[in-house]
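Report on the structure given below.
Since every read-out is calculated from the coordinates, none of them should be taken as a lab result. Quick caveat, the model's predicted, so the values are computed rather than measured. When we count neighbours, we look across all protein chains shown, and the Cβ atoms used for this are built from the backbone with ideal geometry, even at glycine.
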């Protein structure tokens, strides 16, 4: 007898080997109809998978993440099937599942057009309606190579030829199309109903720029029509919020091929940058950090001692002078240790908190660059806390509270907390890891937040907390981190004198709140759709005159606001006031003050707030108090 244990703890017994689909049918016709696959002893499998010994089984439907993965994986094959039907000369390569969808790479004699995508998607729908069975078979490697060569699928043959000769390979067929794949897949094409092709992009074969450029078709697939529509609506909103688009429209920054992966900040954008940096500088000052500044270029020998040379060499920009090798720093931590080492430090000096707005460089591949979100030159709000083991918990509790306050000020209140624990390959005694992991987890418990565990995802030198914020569209952005490091300070010979007059290396806490300022500003732009809150807006107030007769009064209003620190400008152009209002509204200026003869005579301003809100006429002093309050409270 074979005993199958289900997720609810119940068991079903069968006299002989049984498929996942047969188990689903034994439970009920409804489940059998909804089933897409199964998870047997933790492994995702097809409905046709045979269970030949006692096992734990969960039936997979479209209600969970496993079901969505099966749907997307199978829809990628449906895409390839449709392309082969419409373009028989096209060769198929690979087609994996990605976040929110899938893609498939093709080799074809001409570029696919938007009209081709429409036709391919229609053919996918037609093939899905046929509800053709998806079947698996296994072939010896060499036989599979010969089979795909006979079909003219040379890319598939090359992939299979790279598999060890003694291994079998699995193929999946649906209708006239058969593809190399480990699986699993949905039982039939009729399970694939809610999908959309998104775009075509270029991709090198096997990711090597020396190889042929293929065409990558991206798509998305969901369990229900409603989920698909929600996702497409979110993409539309995300496109409106794209920081690259808004950066151009609002004249904040630009990117230039003369310096790939670096940002050219325009006056308005640099104003936002300065606001973020100065805010974080006040955070340093008010929370016991001493601001430092290290050099950009450090000797290769230092990076070898810290271990960065072996780990990050390919991502480091290097140079040479007088037969010595140097690297532009990819991170700030070694420089802070060198500062710590200057002079004798006592336990009475700890915790010692250093902060730096340190510019770093990483040689990211061109294909990985993305606006100001992923660049080669960036500045971090980097901080390192040198402390004793007994101080870790207290420092982490204080840090989480500080991070929550900072994120809230920038408009983020939804934070995901994750503790990454010890990896298999690590240094340090288990008791030290126990203490560090406990301190991180306990600090989050004392902060009153729920957190996830990421087993084995810590660094080789210590565990860490990852702080991920969610934006207005629900998208996650991992920004903050707190890492416990027992290794680097010791490697570079940093020590402090203990209460017992002994020398001991300090524990080093690596921490960042916003992370890369470039990336964080990009997140802010998308979070607020370019309509930054008044305290961050590069132009906070525009004073617009109705006619030339109010020009002097408008300038008086501007100077009065500027004296109290408000970024105010006048618009005295000989244009209709409606034109001026529209233009500055498109620039997302928080407040537009309109002044005519009545306002000039009475010392008032007509206030229009962003979002086409008419706040009415008020004395200049009243508006000054309002904007001062808005800036102070960061509304």
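Taking the C-alpha atoms only, the angle from helix 114-129 to the longest principal axis of the chain is near 40 degrees. Once the Cα-Cα distance is subtracted from the 0.36 nm per residue extended length, the residue 150 to residue 576 segment shows a gain of 146.1 nm.
By its C-alpha gyration tensor, with a ≥ b ≥ c as the square roots of the eigenvalues, how is segment 318-382 shaped: rounded for a/c under 1.5, else prolate for a/b larger than b/c, else oblate? It is oblate, given that a/c is not under 1.5 and a/b is not larger than b/c. If R0 equals 25 Å, the separation of the Cβ atoms of residue 416 and residue 348 corresponds to a calculated FRET efficiency of about 0.10. Between the C-alpha center of segment 496-515 and that of segment 538-566 there is a gap of 52 Å.
Peptide packing for 325-334, 66-75, 339-348 was compared via the average number of neighbouring C-beta atoms within 10 Å per residue; ordered from the highest value, the list is 66-75, 325-334, 339-348. Rounded to the nearest 500, the 222 nm mean residue ellipticity of the chain from helices alone is -11000 deg cm²/dmol, with -39,500 (n - 2.57) taken per DSSP H run of at least 4 residues. Between residue 33 and residue 257, how high is the FRET efficiency from 1/(1 + (r/R0)^6) when r is the Cβ-Cβ distance and R₀ = 51 Å? Nearest 0.05. After rounding, the FRET efficiency stands at 0.40. For the pair residue 100 and residue 278, label points projected 7 Å from Cα toward Cβ lie 3.6 nm apart. Between the C-alpha center of segment 283-360 and that of segment 171-227 there is a gap of 45 Å. Take the alpha carbon gyration tensor of segment 380-465, find the square roots of its eigenvalues, order them as a ≥ b ≥ c, and report rounded if a/c is under 1.5; if not, report prolate when a/b exceeds b/c, else oblate. Since a/c reaches 1.5 and a/b is larger than b/c, the shape of segment 380-465 is classed as prolate. By the gyration tensor of its Cα atoms, with a ≥ b ≥ c the square roots of the eigenvalues, what is the shape of the chain: rounded for a/c under 1.5, prolate for a/b over b/c, or oblate? Verdict is oblate for the chain.
In the chain, the longest principal axis of the Cα atoms and the axis of helix 551-563 are about 80 degrees apart.
Using only Cα atoms, tell me the angle between helix 65-86 and the longest principal axis of the chain; keep it within 0 to 90° and round to the nearest 10. In the chain, helix 65-86 runs at an angle near 70 degrees to the longest axis.
Expressed to the nearest 5 percent, the antiparallel share of DSSP beta bridges inside segment 492-635 is 55 percent. Just the number, please: percent antiparallel of the DSSP beta bridges in segment 381-503, rounded to the nearest 5. Taking every DSSP beta bridge within segment 381-503, about 85 percent pair in antiparallel fashion. Modelled this way, with points 7 Å down the Cα-to-C-beta line, the labels at residue 341 and residue 226 are 6.2 nm from one another. Extending 7 Å from Cα along the Cβ direction at residue 498 and again at residue 26 yields two label points whose distance is 6.2 nm. Put simply, when 310-320, 35-45 are sorted by average Cβ atoms within 10 angstrom per residue, most first, you get 35-45, 310-320. Packing, taken as the mean count of other beta carbons within 10 Å per residue, orders the peptides 557-565, 371-379, 153-161 from highest to lowest as 371-379, 153-161, 557-565. Cβ-Cβ distance of residue 238 and residue 86, R₀ of 22 Å, FRET efficiency by 1/(1 + (r/R0)^6): the value works out to about 0.15.
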